[in-house]
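Chemist: Okay, handing you the structure first.
The values are calculated or read from the model by the stated rules, or taken from the named source; none is laboratory data. This is a predicted model, so every value here is computed, not measured. Heads up, the Cβs are rebuilt from the backbone with ideal geometry, glycines too, and the neighbour counts pull from every protein chain shown. Areas reflect the complete protein model, heavy atoms only, side chains present, ligands, DNA and RNA absent. Shrake-Rupley method; radii C 1.70, N 1.55, O 1.52, S 1.80 Å.
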Amino acid sequence: MSAPTRTLYRLGDLAAEVGGELRGDPERRVQGLRPLDSAGPEHISFFTHPRYRPQAEASRAAALLVDAENAAGLTRDLIVCRDPYRAVARLLQRLHPRPARPGGVHPTAVIGRECEIAASAHIGAYAVLGDRVRVGDGAVLEAHVVVGDGCTIGPGAVLYPKVVLYDRTEVGESCVLHAGAVLGSDGFGFAAEEGRQIKVPQLGIVKLGREVEIGANSTVDRATFEATTIGDFTKIDNLVQVGHNVQIGRGCILCGQVGISGSTRLGDGVVFAGQAGAANHLDIGDGVRVAAQTAVLSSVESGVAVGGTPAVPLSEWRRQVAALRRLPELLRRLARLERRLDAGEGQPER
Amino acid sequence: MSAPTRTLYRLGDLAAEVGGELRGDPERRVQGLRPLDSAGPEHISFFTHPRYRPQAEASRAAALLVDAENAAGLTRDLIVCRDPYRAVARLLQRLHPRPARPGGVHPTAVIGRECEIAASAHIGAYAVLGDRVRVGDGAVLEAHVVVGDGCTIGPGAVLYPKVVLYDRTEVGESCVLHAGAVLGSDGFGFAAEEGRQIKVPQLGIVKLGREVEIGANSTVDRATFEATTIGDFTKIDNLVQVGHNVQIGRGCILCGQVGISGSTRLGDGVVFAGQAGAANHLDIGDGVRVAAQTAVLSSVESGVAVGGTPAVPLSEWRRQVAALRRLPELLRRLARLERRLDAGEGQPER
Amino acid sequence: MSAPTRTLYRLGDLAAEVGGELRGDPERRVQGLRPLDSAGPEHISFFTHPRYRPQAEASRAAALLVDAENAAGLTRDLIVCRDPYRAVARLLQRLHPRPARPGGVHPTAVIGRECEIAASAHIGAYAVLGDRVRVGDGAVLEAHVVVGDGCTIGPGAVLYPKVVLYDRTEVGESCVLHAGAVLGSDGFGFAAEEGRQIKVPQLGIVKLGREVEIGANSTVDRATFEATTIGDFTKIDNLVQVGHNVQIGRGCILCGQVGISGSTRLGDGVVFAGQAGAANHLDIGDGVRVAAQTAVLSSVESGVAVGGTPAVPLSEWRRQVAALRRLPELLRRLARLERRLDAGEGQPER
């Protein structure tokens, strides 16, 4: 069990990779990226907030990713860049890539008829694929993935163990689906009839764009007729529920335990913080930001930030919250006013 | 990969199926049901809201499901019925049935001792059944379903991939359990002891009535001693948590991410909107309706609609919300009153 | 299908087991523990609240677990103990132990290279273990468990079906992980770049102490660099989300659907009621109690109980809630005051 030989990276190359300015020795070499306090001389590190200046000065790291403002006064090797956090993301991808999986189908995998599986794709132990499934180049289906009939999995997509795709689900290029995620389960549609609930069959599909990430045990329901869609680069956290017929734009962020009800549309760049939700049949415009635990019960214009249950513009919600804290005091002041007025009213009649 | 031959259905038969009045040619035939804008002459469609009248008039569909009110003025083939949405549900079931699974046990399935599996039941790849499991006629256990010892699965029930039933779970006739649903996990019971938490073993079971549907990755805990029960025709959405000892009546609806805490009882026809929850040991009467993200913290009488955290009657919650929006203004008005009274109080003394 | 022979337990031994005082026949024998109304003469039962006195008197149980206060006036065999609920937990564990699983690896399990699996450990059907996995004495991995490379599973731990451990997850002694739980999935970290979201690779791990319980379909994300940790004796319910870098202390309780955002720290003995959440980068002190559906948006000092969205001290939240209910009335009173002042102001000038 020997550790693999580490690749070494020149600081000059890393600076170029992130479009940063190197202040220091371009030939110095590192093998990984670590936080300030755990980095050693073989690591690059990052300094993203003034409060960490003492740690930045004390760090044993070979060099720091830092913006121009925080770089001032530091007398060590630096890669100065506009957005150090983005640079961290880029360098982690470069220095710590996901271990590659070899192409090939595990002998225990059960593969249906007329499937098209790229030779470079990896199909893990006990995976079960239905009929007419297509799997693109370099895609990875880990152990115990279950894929229904007629699904498409784009090149470079990664499906962690236990992912379930119902029939005809379409997963775009380089998507990442975490363990236990379920895509394409029936939308929640029923018609009431004399104390019973009659199921409305769900004929549509789920369709993900490229580089979509879906968190562990999250669920995305298939549409009633057409497609529940999630746009390119949208990232969804764990235990999120996306209802049937929902349309989500590009580059959105849905944090943990968010719920989007049926037929609601989200524009591009929308952010839902944790445990927030949206009612059904709403339009949520581009760039809308929704605070944690907010319930969006009516449509929201592009660019607006909202909070509260039911949601109101964030500044209004903050005023409500501040006022709510003063409410008990307000009740006392009101009662005092009433007493004063009761006492004073008689005066003019004196 | 040839498409299967489509069955064709007479409009006259479909009208009879939904108890509707056919206005048009009973011999006309359709092969499916589609929304107004995507239906072709081989489809039936539906028109359920006046705002869609232009689409209803323009649709290429062979005929429309519609109620008497919306039917007025339409000069095309119609099936006029009391509840068109329910008719849609009925006809989708008829025209687009779930593909049948052949009876039989996949050679990779692991079956315990003394199981009774109907010949018409389907047991998928890598399913694992414990001892003494009974599976009824036509039941479908998809790939990777895991069933504990002593479970009972009723005729016609469908368990999608990755469903887990702990020991002795009882699933009624024609239930549908979506992927990743877990039934019978231990109730959350612990006794505190000097900084530790001691587990209270959970000896009971989970018992579902008939035609219960459980959404993807939802969880239902086993009772401490007796049974956590879910009544006939109750429908539960994705990522819903049902605690131990809970009793849920017939025909209830629990939307996505709802949570029902231990030992709470729901009557018949109760509706919880998304992300709502109920505390433990409550009685929620028949027909209670709970708004989205509501926290029900005390018992609710039958027929009442509630909202808010903590829940109050819905009309009261709406008044609270409206008043809350006026709260900052109210604070200003109160301060103004105080200033006026401060200024005016001296007057009588002048 | 014969029932196993029941073990019989002397009341005297059971009293000693729970540190209680036996009032009655130490030689009397029981075979199980049941609630008051379903216990027979072969069972011990428990009486924990005065409202159940009639049932306690009528119960057919051989003996009752009861505290000194409730014991007064009862003329039957009793085991009097300080905390009867804790005694119930202890005796259920003793009288109704989880059925033992035989040691050994199911022939269908797929085991990676250089694994160390104790001979007494049980590896179920279709389990898949990566390379260098260590499994301790008596640990149970039920069917369909998937374990990544380099994971460690402590002695006596139980992993129910469909548990997924990503690479290098560490599970302590006697932990219980319920079906569908996912440990070690990527933390939710992305850097925005021109409408895209760039993934921040997550290099850390998840580490559980001893006797940690994780509910069905709950998710715990791996840290960015170090470890997401959950302390000894902490119990987590179903569908709970724990974000990356979170540090949870000992003996905490997280109820169903709770969410803890990234990098937040919980002290020891913290309790989150159902559907509550905490924002990221917070410090939640020892013994903090968080009410249901509360959103903790700032750090909380040790020992404080909080409620509301955003969270405030519980007593303050209760005052807010009470005041909120009076808000519509308050608005009316304010308007009345304004009218009175408007009418009265002219008076002194008369």
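Chemist: When chain B is modelled as a GNM with alpha-carbon springs shorter than 10 Å, which of B:G136, B:G209, B:G195 fluctuates the most?
Modeler: B:G195
Chemist: Next question, about the same structure. Would you tell me the mean number of C-beta atoms belonging to other protein chains that fall within 10 Å of each C-beta in C:164-174, as a whole number? Before the final figure, lay out each step's value.
Modeler: Values: counts 12, 2, 6, 1, 0, 0, 0, 0, 0, 0, 1.
Average per residue, whole number: 2.
Chemist: Quick one: among A:L36, A:L129, A:L159, which has the greatest mean-square fluctuation in a GNM of chain A with alpha-carbon springs under 10 angstrom?
Modeler: Per the Cα network of chain A with a 10 Å cutoff, A:L36 tops the list.
Chemist: May I ask you to report, in nm to one decimal and beginning with the shortest, the distances from C:R326 to the same position in the other copies, taking label points 7 Å along Cα-to-Cβ?
Modeler: Label point to label point, same position, other copies: 1.8, 1.8 nm.
Chemist: Further, regarding this structure: Which percent, to the nearest 5, of DSSP beta bridges fully inside segment B:155-251 are antiparallel? Could you put the intermediate results ahead of the total?
Modeler: Values: 4 of 24 bridges.
The answer is about 15 percent antiparallel.
Chemist: Sticking with this structure for a sec: Would you mind listing the distances between the C:V304 label point and the same position in each other copy? Use 7 Å along Cα-to-C-beta, nm, one decimal, shortest first.
Modeler: 3.2, 3.2
Chemist: Sticking with this one: When each copy gets a label point 7 Å from Cα toward the beta-carbon at B:E193, what are the spacings between them in nm, shortest first?
Modeler: 5.4, 5.4
Chemist: Hey, what do the phi angles of segment C:16-33 turn into as Karplus ³J(HN,Hα) couplings, whole Hz, using 6.51/-1.76/1.60 and θ = phi - 60°, x for Gly and Pro?
Modeler: Running phi through 6.51 cos²θ - 1.76 cosθ + 1.60 with θ = phi - 60° gives 5, 4, 9, x, x, 9, 7, 10, x, 8, x, 8, 4, 10, 10, 10, x, 10 Hz.
Chemist: Taking amide H positions as placed in the peptide plane 1.01 Å from N, state which residues far from A:T309 in sequence (5 or more) or on other chains have amide H under 5 Å from it.
Modeler: Amide H to amide H, under 5 Å and 5 or more residues apart or across chains, A:T309 pairs with A:A295.
Chemist: Please compute the contact order of segment C:1-112 in relative form: average sequence separation of alpha-carbon pairs under 8 Å and at least six residues apart, divided by the residue count, as a percent. List each step's numbers first, then the result.
Modeler: Working: 180 pairs, mean separation 26.2, N = 112.
Value for segment C:1-112: 23 percent.
Chemist: On to the next question. Using a simple charge model, +1 on the beta-carbon of Lys and Arg, -1 on the beta-carbon of Asp and Glu, nothing else, what dipole does the protein assembly as shown show about its Cα centre, in debye to the nearest 20? Please report the intermediate quantities before stating the final value.
Modeler: Details: 120 positive and 120 negative charges, 339 e Å.
Result for the protein assembly as shown is approximately 1620 debye, rounded to the nearest 20.
Chemist: Have a look at C:N245, C:N70, C:N280 and tell me which one the Gaussian network model of chain C (Cα, springs below 10 Å) gives the largest fluctuation.
Modeler: Of the options given, C:N70 has the highest mean-square fluctuation.
Chemist: Determine the sum of side-chain charges near B:V300: Lys and Arg each +1, Asp and Glu each -1, restricted to other residues whose C-beta is under 15 angstrom from that of B:V300. Before the final figure, lay out each step's value.
Modeler: Working: positive: B:R265, B:R289; negative: B:D268, B:D283, B:D286, B:E301, B:E316.
The answer is -3.
Chemist: How many angstrom separate the Cα center of segment C:118-188 from the Cα center of segment A:254-332?
Modeler: 39
Chemist: Per residue, what volume in Å³ does the Cα convex hull of segment B:43-156 take up?
Modeler: 136
Chemist: Sticking with this structure for a sec: Looking at the protein assembly as shown, what % of its DSSP beta bridges pair antiparallel, to the nearest 5?
Modeler: 15
Chemist: What is the average number of partner chain Cβ atoms found within 10 Å of a Cβ in B:217-223?
Modeler: Values: counts 16, 5, 12, 2, 6, 0, 0.
Shielding by partners across B:217-223 averages 6.
Chemist: How high is the relative contact order of chain A, in percent, counting Cα pairs under 8 Å that sit 6 or more residues apart? Don't jump to the answer; show the numbers that get you there.
Modeler: Working: 960 pairs, mean separation 21.1, N = 350.
Worked out over chain A, it gives 6 percent.
Chemist: Ok, one more. Within the set of other residues whose C-beta is less than 15 Å from the C-beta of B:I230, count the net charge using Lys and Arg as +1 and Asp and Glu as -1. Mind showing how you got there, number by number?
Modeler: Details: positive: A:R196, B:K207, B:R210, B:R222, B:K235, B:R250, B:R265; negative: B:E170, B:E173, B:E211, B:E213, B:D221, B:E226, B:D232, B:D237, B:D268.
Value of the local net charge: -2.
Chemist: Pop out a list of residues from segment A:191-212 that are at least 20 Å² less accessible with all the protein chains around than in their chain alone; 1.4 Å probe, no ligands or nucleic acids counted.
Modeler: A:A191, A:A192, A:E193, A:G195, A:R196, A:Q197, A:I198, A:K199, A:V200, A:P201, A:L203, A:E211
Chemist: While we're here: Roughly what % antiparallel, to the nearest 5, for the DSSP beta bridges in chain B? Write down the numbers at each step before the final one.
Modeler: Working: 11 of 77 bridges.
Just about 15 percent of them are antiparallel.
Chemist: Still on this structure: Which order do the peptides A:177-183, B:12-18 take when ranked by the mean count of other beta-carbon atoms within 10 Å per residue, highest first? The partial results should precede the final answer.
Modeler: On the way: A:177-183: 30.9, B:12-18: 17.9.
In descending order of packing, they fall as A:177-183, B:12-18.
Chemist: Now for a separate question. Please report the Cα spread of chain A along all three principal axes, rounded to whole Å, starting with the longest.
Modeler: 99, 73, 34
Chemist: Placing one identical point scatterer on every Cα of the protein assembly as shown and ignoring solvent, what is log10 I(q)/I(0) from the Debye formula at q = 0.04, 0.06 Å⁻¹?
Modeler: Rounded to two decimals, the profile gives -0.22, -0.50.
Chemist: Then there's this: Using the structure shown, select from A:K199/B:K235; B:K162/B:K207; C:K162/C:K235; A:K162/B:K207; B:K162/C:K235; B:K207/B:K235 the pairs with a Cα to Cα distance greater than 21 angstrom. Before the final figure, lay out the partial values.
Modeler: Numbers: A:K199/B:K235 9 Å; B:K162/B:K207 19 Å; C:K162/C:K235 19 Å; A:K162/B:K207 26 Å; B:K162/C:K235 24 Å; B:K207/B:K235 14 Å.
Violating the 21 Å Cα-Cα cut-off are A:K162/B:K207; B:K162/C:K235.
Chemist: Please report, as a whole percent, how much of the solvent-accessible surface of segment C:135-256 comes from carbon and sulfur atoms (probe radius 1.4 Å). Write out the running numbers ahead of the final one.
Modeler: Numbers: 1200 of 2530 Å².
Using a 1.4 Å probe with all protein chains present, segment C:135-256 comes out at 48 percent carbon and sulfur.
Chemist: Measuring with a 1.4 Å probe in the full set of protein chains, what accessible area per residue, in whole Å², belongs to the protein assembly as shown?
Modeler: Details: 41320 Å² over 1050 residues.
Spelled out: the 1.4 Å probe surface of the protein assembly as shown, per residue, equals 39 Å².
Chemist: How many percent of the alpha carbon pairs in segment C:149-193 exceed a separation of 12 Å?
Modeler: Working: 641 of 990 pairs.
That fraction is 65 percent.
Chemist: Computed over the Cα atoms of segment B:100-165, what is the ratio Rg over Rh, Rh following Kirkwood?
Modeler: On the way: Rg = 9.9 Å, Rh = 11.0 Å.
Taking Rg over the Kirkwood Rh, I get 0.90.
Chemist: If you split all Cα-Cα distances of segment C:252-291 into 5 Å bins from zero, what percentages do you get per bin, shortest first?
Modeler: Over segment C:252-291, the share of Cα pairs per 5 Å bin runs 8, 28, 33, 29, 2 percent.
Chemist: Please give the total accessible area that chains B and C bury against each other, computed with a 1.4 Å probe and expressed in Å² to the nearest 100. If you can, show how the numbers build up before the last one.
Modeler: Values: alone 19070 and 19040 Å², together 32700 Å².
Result for this pair: about 5400 Å² buried.
Chemist: Accessible area of segment A:7-88 with a 1.4 Å probe: how many percent of it is carbon plus sulfur?
Modeler: Working: 1910 of 4030 Å².
C and S fraction of accessible area: 47 percent.
Chemist: What is the sum of charges around B:R101, taking Lys and Arg as +1, Asp and Glu as -1, for the other residues whose C-beta is under 14 Å from the C-beta of B:R101? Each step should come with its number before you reach the end.
Modeler: Numbers: positive: B:R98; negative: A:D131, A:D149, A:D167, B:D137, B:E142.
Surrounding charge for B:R101 is -4.
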